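The values are calculated or read from the model by the stated rules, or taken from the named source; none is laboratory data. Note that the structure is predicted; figures quoted are calculated from it, not measured. Because the Cβ atoms are built from the backbone with ideal geometry, glycine has one as well, and the counts that use them run over all protein chains shown.
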Amino acid sequence: MTTTTNATETHRGAPQGEPLLAATDIVAGYLPGVDILGGCNLVLHPGELVGIIGPNGAGKSTLLKALFGLVPVRSGTVTLGGEDITNHRADRLVKRGVGFVPQTNNVFPSLTIEENLQMGIFQDPKQFGRRFEFVTDIFPALAERRRQRAGSLSGGERQMVAMARALMMDPSVLLLDEPSAGLSPVRQDEAFLRTRKINKAGVSIVIVEQNARRCLQICNRAYVLDQGRNAYSGPGRELMNDPKVIELYLGTLATDVEAADKAHPEA
Ligand SMILES: Nc1ncnc2c1ncn2[C@@H]1O[C@H](COP(=O)(O)OP(=O)(O)O)[C@@H](O)[C@H]1O
Ligand SMILES: [Mg+2]
């Protein structure tokens, strides 16, 4: 079992050395007096692809937003390359190399693909050409369709534009909130492969996912969040095969149906 009890257990399987991004004992929430996160911990080391999974409402998106200065952190610290960035504003974090792709409303539908990518680098427009080359090297489809309006794209294509927009500022850390949400199974696989591709191109990634199994398949490590706290952590494949994690967070409908049939064979 892999319950989180101490520092080593909290970040099971994490590499040695200084993390690129670290969240320590984060308490955060939206409304006064209501804490959604009750002391969350996460580290992301250079080159890693780290997942956050857990039930609906566990606080996954809230943790991502807390890292990106969009939810006030009431106690605890966030550091980037060892420097304190707790409660730094999002635009400042973008300049420092943190990218964030929210789950929804992450493209400007009335703008073309190219204009969306320009929005991604409005803080440093001189770099547009160089960065456009980089992102279209990863996603060639974007170059071919640069004049197409983002609003006319499929959900999967929009997600690609949103990721590319965040990559325009050459981030060292990318925070992704459920890139596979609302997509068909085939498109979901594409979203996960796209995430891996970005990671392989040298960007360290924290990915929040409802689709826990697929997420664990592509991640180096993952954290299971439950009710605003760390519940488990470890290498993706280990968590995927951990009976406790399967029982609590990965239970498939098929095994549930099987169990129900055994309990009430007459039903
Ligand atoms: N903007 C908000 N204002 C107030 N409460 C919120 C807001 N967004 C989320 N919450 C609450 O925070 C909790 C965690 O939500 P969230 O982080 O979105 O969970 P997850 O992403 O794990 O599904 C939920 O109880 C949700 O109702
Ligand atoms: Mg969420």
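Given segment 124-241, what strands (runs of 3 or more DSSP E) lie entirely inside it while holding 3 or more residues that are surrounded by 19 or more Cβ atoms within 10 Å (Cβ to Cβ) and out of contact with any Asp or Glu (no Cβ under 9 Å at 6 or more places or on another chain)?
Details: elements: 173-177, 204-208, 221-226, 229-235.
Correct list: 173-177, 221-226.
Can you work out which of the residues in segment 66-76 that are within 13 Å of ligand 2 (Cβ to nearest atom) and surrounded by fewer than 24 Cβ atoms within 10 Å (Cβ to Cβ) is nearest to Val98 (Cα to Cα)?
The initial filter retains those residues of segment 66-76 that are within 13 Å of ligand 2 (Cβ to nearest atom), namely 66, 70-71.
Those left that are additionally surrounded by fewer than 24 Cβ atoms within 10 Å (Cβ to Cβ): 70-71.
Values: Leu70: 13, Val71: 16 Å.
For segment 66-76, the residue satisfying everything is Leu70.
Quick one: count up the residues across segment 20-60 that are without any contact (Cβ under 8 Å) to a residue 60 or more places away in the chain, within 16 Å of ligand 2 (Cβ to nearest atom) and charged (D, E, K, R).
0
Determine which member of the set Ala181, Ala141, Ala212 is modelled with pLDDT under 95, within 16 Å of ligand 2 (Cβ to nearest atom), aliphatic (A, V, I, L, M) and out of contact with any strand residue (DSSP E or B) (no Cβ under 9 Å at 6 or more places or on another chain). Write out each step before concluding.
Working: Ala141 fails: within 16 Å of ligand 2 (Cβ to nearest atom); Ala212 fails: out of contact with any strand residue (DSSP E or B) (no Cβ under 9 Å at 6 or more places or on another chain).
The unique qualifying residue is Ala181.
With respect to the numbered conditions (1) part of a loop (DSSP other than H, G, I, E, B); (2) in contact with a helix residue (DSSP H, G or I) (Cβ under 6 Å, 6 or more places away or on another chain), which one is the sole condition not fulfilled by Ile26?
Here Ile26 meets the rest and fails (1).
List, please: which pairs have Cβ atoms under 8 Å, are six or more places apart or on different chains, and start with a residue in segment 61-72 that is closer than 8 Å to Asn87 by Cα and in a helix (DSSP H, G or I) and end with one that is within 13 Å of ligand 2 (Cβ to nearest atom) and aromatic (Phe, Trp, Tyr)?
none
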